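Asker: Dumping the structure here so I can ask a few things about it.
The values are calculated or read from the model by the stated rules, or taken from the named source; none is laboratory data. In this text, all values refer to a predicted model and were calculated from it rather than measured experimentally. Heads up, the Cβs are rebuilt from the backbone with ideal geometry, glycines too, and the neighbour counts pull from every protein chain shown. Note: accessible area is taken over every heavy atom of the protein model, side chains too, but ligands, DNA and RNA are not part of it. Shrake-Rupley method; radii C 1.70, N 1.55, O 1.52, S 1.80 Å.
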Amino acid sequence: MAGTDRNDTRLETLFEAARGAAPKPSADLLARVLADAEAVQAAAAPVPRKSAPRLRWRQFVDAIGGWPAMAGLVSAGVAGLWLGISPPAALDDLGIAGAGTDEAVLVGMLPGVELALLALEEG
Amino acid sequence: MPLDAMDDVPDEALLTLFANGEGAAARALTLRMTPRVMAHAYRLLGDRDEAEDVAQEAMMRLWRIAPDWRQGEARVTTWLYRVVANLCTDRLRRRRGVDIDSVPEPQDDAPGADQALLQKARADALQAALGQLPDRQRQAVVLRHIEGLSNPEIAAIMEIGVEAVESLTARGKRALTDLLSGRRAELGFDDGWD
């Protein structure tokens with residue numbers, strides 16, 4: 001038993017020597033390992049989107065309330081265009097001042113727009 | 001983040017930072033892990049050049065697995081020791097048939113040299129003896145007695161039970177004692193081995 005203990009002690013002396021004699025990685029190895037790391041990171045990095053205008057369009061759609069709101073907006077636009085091109089006969093009976101003449105008629109549907117336009121013109 | 005600020009960051013957190021593209025984490029992990037991986041590979045292979053190759057390959061596997069690393073499932077060191085052992089085993093299999101006598105022997109005049117030379121002679125003698133152990137015994141002895149890991153940690157690395165680890169290390173130490181018993185003078189043990 002004493003012999004086993006003595007052998008263990010001697011082995012431990014050798015293990016200790018081995019711990020102190022571990023070869024250190026060369027500067028070249030460390031550089032290669034780091035280069036591998038950076039290459040893997042670069043390959044995994046997200047590629048910047050090229051379609052920036054598309055992103056703005058999407059933001060616009062989101063801002064007005066998404067595609068359902070967009071559909072309503074388009075419908076209203078098409079209806080307005082149709083009324084302008086081919087007004088129903090019923091509108092003739094409204095007796096709008098200037099209708100049927102060469103005079104232009106400005107009907108203010110959005111209060112304040114004229115003031116805003118005036119401000120823009122005056123700089 | 002400055003490199004010295006990473007000193008207290010656990011390995012697993014560093015790996016997550018690395019996966020997120022943090023350059024400082026790459027440098028910190030390189031400096032922290034490469035020496036351990038390199039030393040372990042050398043102890044299993046006994047060849048510095050091959051150990052460097054294994055270290056670079058093991059670290060490359062770590063970089064690649066980083067995005068898929070699951071926190072809490074394993075320790076980075078445990079995973080790396082396992083990868084190193086597998087890479088070394090592959091190389092040792094390819095190397096079979098190489099003359100065992102080609103392993104460098106300690107210098108005969110080591111006992112008369114200074115303490116540093118004696119320490120080197122002891123380390124070389126142990127390395128030569130380790131090279132003659134079966135692969136699994138060598139791995140268990142190195143992990144337990146040189147790397148200083150606990151038996152449960154070694155069991156996790158080797159994917160065996162704790163009792164099997166104890167058996168491997170006990171048999172490995174007995175074999176080392178037998179292999180080194182004739183070298184008392186070279187190793188500075190004047191009263192010999194029992």
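Asker: Hey, among the residues in segment A:1-25 that are facing another protein chain (nearest Cβ under 7 Å) and in a loop (DSSP other than H, G, I, E, B), which one's farthest from B:ARG36 (Cα to Cα)?
Answerer: Selected residue: A:ALA21.
Asker: How many of the residues in segment B:126-149 are open to solvent by 40 Å² or more (accessible area, probe 1.4 Å) and more than 14 Å from the chain's Cα centre (by Cα)?
Answerer: Going through segment B:126-149 one residue at a time, the tally reaches 2.
Asker: A further question on this structure: Out of segment A:35-49, which residues are in a helix (DSSP H, G or I), facing chain B (nearest Cβ under 7 Å) and either surrounded by fewer than 19 Cβ atoms within 10 Å (Cβ to Cβ) or of a type in the set (Val, Ile, Thr) (or both)? Reasoning before the result, please.
Answerer: Looking only at segment A:35-49, we keep the residues that are in a helix (DSSP H, G or I), and these are A:35-44.
Okay, now just the ones that are also facing chain B (nearest Cβ under 7 Å), so A:36-38, A:40-41, A:44.
Of everything in segment A:35-49, those that are in a helix (DSSP H, G or I), facing chain B (nearest Cβ under 7 Å) and either surrounded by fewer than 19 Cβ atoms within 10 Å (Cβ to Cβ) or of a type in the set (Val, Ile, Thr) (or both) turn out to be A:GLU38, A:VAL40, A:ALA44.
Asker: Sticking with this structure for a sec: Report whether or not A:ARG10 is of a type in the set (Lys, Arg) and modelled with pLDDT of 65 or more. Write out each step before concluding.
Answerer: Details: of a type in the set (Lys, Arg): yes; modelled with pLDDT of 65 or more: yes.
Taking the combined requirement at face value, the residue satisfies it.
Asker: Scanning for something within 17 Å of B:ALA41 (Cβ to Cβ), in contact with a helix residue (DSSP H, G or I) (Cβ under 9 Å, 6 or more places away or on another chain), among the basic types (Lys, Arg) and part of a helix (DSSP H, G or I), does segment B:126-142 turn up at least one residue?
Answerer: Yes, some residue in segment B:126-142 is within 17 Å of B:ALA41 (Cβ to Cβ), in contact with a helix residue (DSSP H, G or I) (Cβ under 9 Å, 6 or more places away or on another chain), among the basic types (Lys, Arg) and part of a helix (DSSP H, G or I).
Asker: Got at least one residue in segment B:156-173 being facing chain A (nearest Cβ under 9 Å) and not polar (S, T, N, Q)? Let's see the steps before the verdict.
Answerer: Start the filter on segment B:156-173 by keeping residues that are facing chain A (nearest Cβ under 9 Å), which leaves B:173.
With the extra rule that they be not polar (S, T, N, Q), the set shrinks to B:173.
Scanning segment B:156-173, I find at least one residue that is facing chain A (nearest Cβ under 9 Å) and not polar (S, T, N, Q), so the answer is yes.
Asker: Could you check, for segment B:81-99, whether at least one of its residues is within 21 Å of A:ALA18 (Cα to Cα), outside any loop (DSSP other than H, G, I, E, B), open to solvent by 60 Å² or more (accessible area, probe 1.4 Å) and more than 14 Å from every other protein chain (Cβ to nearest Cβ)? Write out each step before concluding.
Answerer: Of the residues in segment B:81-99, the ones within 21 Å of A:ALA18 (Cα to Cα) are B:81-82, B:84-85, B:88-89, B:92.
Next, only the ones that are outside any loop (DSSP other than H, G, I, E, B) stay: B:81-82, B:84-85, B:88-89, B:92.
From what's left, open to solvent by 60 Å² or more (accessible area, probe 1.4 Å): B:82.
Retained after the next criterion (residues that are more than 14 Å from every other protein chain (Cβ to nearest Cβ)): B:82.
Looking through segment B:81-99, at least one residue is within 21 Å of A:ALA18 (Cα to Cα), outside any loop (DSSP other than H, G, I, E, B), open to solvent by 60 Å² or more (accessible area, probe 1.4 Å) and more than 14 Å from every other protein chain (Cβ to nearest Cβ).
Asker: Would you check if there is a residue in segment B:11-24 being among the hydroxyl-bearing types (Ser, Thr, Tyr) and within 24 Å of B:ILE154 (Cα to Cα)? Let's see the steps before the verdict.
Answerer: We begin by selecting, within segment B:11-24, every residue among the hydroxyl-bearing types (Ser, Thr, Tyr); these are B:16.
In the following step, the residues that additionally are within 24 Å of B:ILE154 (Cα to Cα) were identified as none.
Taking every residue of segment B:11-24 in turn, none turns out to be among the hydroxyl-bearing types (Ser, Thr, Tyr) and within 24 Å of B:ILE154 (Cα to Cα).
Asker: Also: Does B:VAL54 satisfy being outside the structural domain of B:ALA128 (by TED's automatic domain parsing), within 16 Å of the chain's Cα centre (by Cα), at pLDDT 95 or above and surrounded by 23 or more Cβ atoms within 10 Å (Cβ to Cβ)? Even if it seems obvious, please write down each step before you answer.
Answerer: Values: outside the structural domain of B:ALA128 (by TED's automatic domain parsing): yes; within 16 Å of the chain's Cα centre (by Cα): yes; at pLDDT 95 or above: yes; surrounded by 23 or more Cβ atoms within 10 Å (Cβ to Cβ): yes.
Answer is yes for this residue.
Asker: Return the residues of segment B:38-80 that are at positive phi and away from every other protein chain (no Cβ under 14 Å); say none if nothing qualifies.
Answerer: So the first thing to find is which residues in segment B:38-80 are at positive phi, and the list is B:46, B:72.
If the condition is that a residue be at positive phi and away from every other protein chain (no Cβ under 14 Å), then B:GLY72 is the only one that fits.
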